[in-house]
Amino acid sequence: MIGELALPDRTDLTGVCGAVAAYLGCPVRIVPMRLDGAASGVTARTDDGYWIFCELRTSAWHRTHIVTHEIGRLLLDHAAPGMTGRDGPAPWAAEVLGGLLMARVAPSPVDRGPEPTGPAAELAAALAPALRHRRDGPLRATGRGGGNSGKDGAARGAGDSDGGSSV
């Protein structure tokens, strides 16, 4: 799958998104924003393409890891629908594919990206209540899900095995 993307040996996340967009036939955009522990990355699909929301307040390397993991989920679901579920090999497969992508990416050490504007800001605002519910939801009080036990310190919702989420 990595070969089919025709990525250069070194690129940035914009280059990866461009290659994935060409492969999927629709735009793939990255939107850094404050997710406040609800997730480290969230992917949404609209009529305008895919939107990958990632935690704004983290290092460039961690943000690259989050985005490449989310892209791995997109590619796996495209290649084998249903492969991005929360059970079975899906989280592991997305992590491996994301790692292979990350090996090609050289992130900027300081670029945190601009705050979302336009359609990205509208979609981010629409996702905010779901993210707050995921972070502060009723399961947190019972000690099931929602805790701070994600692999990267991000809160996980019930049934979420990899700290990310698709919408």
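The figures follow:
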quantity: Among (1) surrounded by fewer than 18 Cβ atoms within 10 Å (Cβ to Cβ); (2) modelled with pLDDT under 55; (3) not hydrophobic (A, V, I, L, M, F, W, C) - the single one His133 does not satisfy; calculated: (2)
quantity: Residue list for region 17-49, restricted to those being under 17 Å from Leu131 (Cβ atoms) and either polar (S, T, N, Q) or in a loop (DSSP other than H, G, I, E, B) (or both); calculated: Arg34, Leu35, Asp36, Gly37, Ala38, Ala39, Ser40, Thr43, Thr46
quantity: Positions within region 43-59 being open to solvent by less than 10 Å² (accessible area, probe 1.4 Å) and either at pLDDT below 90 or touching a Gly at 6+ places or on another chain (Cβ under 6 Å) (or both), in sequence order; calculated: Cys54
quantity: Selection count, region 32-42, where residues are under 18 Å from Ala121 (Cβ atoms) and open to solvent by 10 Å² or more (accessible area, probe 1.4 Å); calculated: 4
quantity: Cross-chain or 6+ apart pairs with Cβ under 7 Å, region 2-14 first and within 19 Å of Pro32 (Cα to Cα) and in contact (Cβ under 8 Å) with a residue 12 or more places away in the chain, then aliphatic (A, V, I, L, M) and assigned to a loop (DSSP other than H, G, I, E, B); calculated: Asp12/Ala106
quantity: Region 50-65, residues that are of a type in the set (Val, Ile, Thr) and not in a strand (DSSP E or B); calculated: Thr58, Thr64
quantity: Subset tally (residues that are out of contact with any Leu (no Cβ under 7 Å at 6 or more places or on another chain), surrounded by 23 or more Cβ atoms within 10 Å (Cβ to Cβ) and not acidic (Asp, Glu)) for region 60-73; calculated: 5
quantity: Pick from region 1-16, criterion in a helix (DSSP H, G or I) and farther than 13 Å from Thr68 by Cα, ranking: least open to solvent (accessible area, probe 1.4 Å); calculated: Leu5
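The values are calculated or read from the model by the stated rules, or taken from the named source; none is laboratory data. Quantities reported herein were computed from a predicted structural model and do not represent experimental measurements. Ideal geometry is used to build each Cβ from the backbone, glycine not excepted, and the neighbour counts take in all protein chains shown. Only protein heavy atoms, including side chains, enter the accessible area calculation; ligands, DNA and RNA are left aside. Shrake-Rupley method; radii C 1.70, N 1.55, O 1.52, S 1.80 Å.
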